[in-house]
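Q: Let me give you the structure first, and then I'll get to my questions.
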Amino acid sequence: MTTLPGGLELRTARPSDLDQIGALLVDRGEEPDALDHRLVVEGALGWDACAVVVDGDRVVSTATLLDETVRVGDVVLAAGQVELVATDREYEGRGLVRALMGWAHDRSRERGHLLQVMIGIPYFYRLFGYEYAIDIPRARALRELPPPEPGEATTGSVLREATTADLPALVALQDAAQAEYDVAMPHPAERWRWLLAHEASTTRVLERDGVVVASARTGVPDDGLLVAEAAAADMAAADEFLVALRGLGEPLTIVHRPLTVPGRAWAERLEPAGSDATQYYARLERPELVLDALRPVLTARLRAAGLGRDVVISTFGRHYRLPWSADTGLGPVEVGGPMQAPGVAQGAGVAPDRLPALLLGQLGIEGLARLHPDVYAPDAEFFGALFPPLTADLLTYYLPW
């Protein structure tokens, strides 16, 4: 328990807080948020995953930390995601979210998370060390098509809501869909069960001759139907799935995942994407830990390019050196002090708030250098091979569209 100004207290949530937390989340968010919170705290994560600020017996602010994993190449990084954040209107502007974010980051560190990712309102979470880093895929309207003809779907196929019996098939479909991406965040096992129980989206499957061959999450119908996280076993299943979804009778907006089977099958049928910037936040509290964990990936990139030498990255207030060995590749990260001229050491300069995008984003160091004067690499070939543009696919509890 932590005492805050004004006699407020920050503490771990308790079962007796459940109704108040639910009411606060619904008041400041959406009706399904109360159920989602209950699914989290009554599941494997438990009440320790949630914190509240209380004024006496009154819950006035809350936040929840979820466990995630982020795969970069073949390296899996433990990560955290803050969700279900809400503050009573009467208590806004008193630093309660800042205190809760501090709690969440402390807990994340204790759980061995190397980074945090999240969906968040514009700008706000940059106040707490988050930076925009990973593109959110576009939600694109399905072009006007003739209605499906009777019998157009393959005989024996059924579109239905998923059940717990489908969990192995759902996981297998998403694992295959994400395999093509450089960076991927899957749904943890516990969240799959939450998704089948919550009300903010519906998980649907296409079953062909008793076998699940496609799946997606659909939003609550509202002048149309959002289709997200689509996955399919093959192109025929993707086409058949689209026919079945159109049969629901709603205009479809489809989240385009270009490297997946549905992404390839449906691309020409979607309206052009918008041009506004939409990105996930990421936070790296200790970049040296992430760089150290990614050494196998970074070594493999340099070997594939036929390159190899010490790597120096300066964030100007400090720098990171990864020594190179021809036998073992990049060695453990060495952290040093300020380095204002990394080019002298054959290094790259990367402002600290650009590191998440460098390690996880779609621009690579060359793309970032074109946009930001405080990102540069005198040896473009070497650092371009080390930090190329990356494709990414993140699956989150809430759909960000």
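Q: Go through (1) open to solvent by less than 40 Å² (accessible area, probe 1.4 Å); (2) over 24 Å from Asp292 (Cα atoms) for Gly93 and report which single condition fails.
A: (1)
Q: Name the single residue that is surrounded by the most Cβ atoms within 10 Å (Cβ to Cβ) among those in segment 240-259 being farther than 15 Å from Glu144 by Cβ and not aliphatic (A, V, I, L, M).
A: Phe241
Q: Please find, among Ala177, Ala165, the residue that is touching a Ser or Thr at 6+ places or on another chain (Cβ under 6 Å), among the hydrophobic types (A, V, I, L, M, F, W, C), at pLDDT 95 or above and within 30 Å of Pro251 (Cα to Cα).
A: After ruling out the rest, the residue left standing is Ala177.
Q: For segment 385-401, which positions are of a type in the set (Phe, Trp, Tyr) and under 22 Å from Pro32 (Cα atoms)?
A: Residues satisfying the conditions are Tyr397, Tyr398, Trp401.
Q: Just one of (1) within 18 Å of Arg107 (Cβ to Cβ); (2) open to solvent by 10 Å² or more (accessible area, probe 1.4 Å); (3) touching a residue at least 24 places away in the same chain (Cβ under 8 Å) trips up Gly29, so point out which.
A: For Gly29, the failing item is (1).
Q: Moving on to the next point. Exactly one condition in (1) in contact with a Lys or Arg (Cβ under 8 Å, 6 or more places away or on another chain); (2) more than 30 Å from Leu245 (Cα to Cα); (3) open to solvent by less than 30 Å² (accessible area, probe 1.4 Å); (4) not hydroxyl-bearing (Ser, Thr, Tyr) is not met by Gly129; state its number.
A: All conditions pass for Gly129, except number (3).
Quick grid of which residues meet (1) among the charged types (D, E, K, R); (2) more than 28 Å from Gly7 (Cα to Cα); (3) crowded, with 20+ Cβ neighbours inside 10 Å:
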| site | (1), (2), (3) |
| --- | --- |
| Val76 | no, yes, no |
| Leu84 | no, no, yes |
| Ala104 | no, no, yes |
| Leu114 | no, yes, yes |
| Ile121 | no, yes, no |
| Tyr125 | no, no, yes |
| Ala133 | no, yes, yes |
| Leu142 | no, yes, no |
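Q: Can I ask one more? For segment 175-266, which fully contained strands (runs of 3 or more DSSP E) count at least 2 residues that are among the small types (Gly, Ala, Ser)?
A: 211-219, 225-232
Q: For the condition farther than 24 Å from Pro400 by Cα, open to solvent by less than 10 Å² (accessible area, probe 1.4 Å) and either touching a Pro at 6+ places or on another chain (Cβ under 8 Å) or not hydroxyl-bearing (Ser, Thr, Tyr) (or both), what is the one hit in Ala184, Ala214, Ala230, Ala237?
A: Ala237
The values are calculated or read from the model by the stated rules, or taken from the named source; none is laboratory data. Everything numeric here is computed off the predicted structure, so don't read it as measured data. Reconstructed Cβ throughout: ideal geometry from the backbone, glycine too, with neighbour counts over all protein chains shown. Ligands, DNA and RNA are excluded from the accessible area calculation, which covers all protein heavy atoms including side chains. Shrake-Rupley method; radii C 1.70, N 1.55, O 1.52, S 1.80 Å.
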